[in-house]
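Okay, structure first, notes after.
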Amino acid sequence: MRMQEKSGRDADAEDLPKLRDAALQLGISFPTIKQWIYKKKIRSIQTAGGHHRIPQSEVDKLLFRTRGRTEKEREQVFRRISGRNQLVGRVESVRISGLMVEVKISIGGQQITSIITATSAREMHLKAGQTAAALIKATEVMILRV
């Protein structure tokens, strides 16, 4: 794997966040993510310089598990609202157009797109790279910042 330092990262590196960034997305500490790598709980890729990078797909797989330490705590997080079909992922893009906003969320390698009001997006301070949940009810998909 090669990384370029020109005007940013190589296309391959875009999907390989640094450990601190991955830990922040997962809501865990830097030492915890290092331990997960050593214990093979999370897959990492080493750069030519020996640094670890976590594929974004690995982070996406684990997002829903990090909202509580135990299964009971995770259930409590989801029970704050009535919907049960919540999919936690990473915000890929937020595109504002007048009164509406198109939000794309990456969830385990899949992408969900939702149209919400611009006011709602502003209230949640939605930005690319943040963790959010898609709440699926019947034919509607709502976005919930987590």
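Where a number appears in this text, it was derived from the coordinates with a stated rule and is not lab data. Values in this document were obtained by computation on a predicted structure and should not be read as measured data. Cβ atoms come from the backbone with ideal geometry, glycine included; neighbour counts cover every protein chain shown.
Applying 1/(1 + (r/R0)^6) with R0 = 25 Å to the Cβ-Cβ distance of LYS40 and HIS125 gives a FRET efficiency near 0.10. Taking amide hydrogens as placed 1.01 Å from N in the peptide plane, the amide H of MET100 sits under 5 Å from those of ALA118, each at least 5 positions away in sequence or on another chain.
Scanning residues 5 or more positions from LYS137 or on other chains, those with amide H under 5 Å from its amide H are MET142, with H placed 1.01 Å from N in the peptide plane.
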